[in-house]
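The values are calculated or read from the model by the stated rules, or taken from the named source; none is laboratory data. Since this is a predicted model, take the numbers as computed values, not measurements. Positions of Cβ are generated from backbone atoms using ideal geometry, with glycine treated the same way; all protein chains shown enter the neighbour counts.
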Amino acid sequence: MCLKYLINVFLFFGIVQWTSIFAQNTEVITTDTSTFSIDNCLNEFDSTSRVIENSGWHYFFTDKAKQNGWSIKMSYVNPGTFRHGTHKHTGDEIVFVLEGSAEITIGNRTKIVGPNTSVYFPKGSVHGLKNSGDTTLKYLVIKKD
């Protein structure tokens, strides 16, 4: 009986302590609604704002100046073409392939990837991306400068 009582006491205080720790680490984050609202935090695709190039087009969903250096871009690349040659950035970059086939280059290695593939390009890495298929390549670029 004494052992059962001690176990219950330990369990009770363990739960109380865990609840206390959890409560201390739970923080409610609020923002100034005069700065952030649905109107300036939402960007629906607008085809008239696309940047059209010989290789296809791209569209920025975010403005780096307003999003603390973050940008999200959607690119459409015509078969057999690329937006630009190999290059590097001062910030990290992630590409997510939505449709088509992409030839990814990082350093001196190349690999063909398809839809639902993400690629991380660390800052300063020489990298490139080319449409290696016979249909339009569609991908998202998420980047922090």
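Summary of computed values
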quantity	calculated
Criterion violated by residue 85 - all others in (1) touching a residue at least 12 places away in the same chain (Cβ under 8 Å); (2) over 15 Å from residue 127 (Cβ atoms); (3) more than 21 Å from the chain's Cα centre (by Cα) satisfied	(2)
Filtered residues of the range 88-124 (kept if polar (S, T, N, Q) and within 18 Å of the chain's Cα centre (by Cα))	90, 116, 117, 118
Qualifying positions in the range 117-131 - over 17 Å from residue 58 (Cβ atoms) and touching a residue at least 40 places away in the same chain (Cβ under 8 Å)	126
Some residue of the range 113-120 being touching a Gly at 6+ places or on another chain (Cβ under 7 Å) and in a strand (DSSP E or B)	no
Scan of the range 87-112 for residues that are exposed (fewer than 14 other Cβ atoms within 10 Å of the Cβ) and part of a loop (DSSP other than H, G, I, E, B), ordered by number	88, 90, 107, 108
Leading residue by the ranking (surrounded by the most Cβ atoms within 10 Å (Cβ to Cβ)) among those in the range 45-57 that are assigned to a loop (DSSP other than H, G, I, E, B) and not charged (D, E, K, R)	55
The range 58-86, residues that are assigned to a loop (DSSP other than H, G, I, E, B) and modelled with pLDDT of 95 or more	78, 79
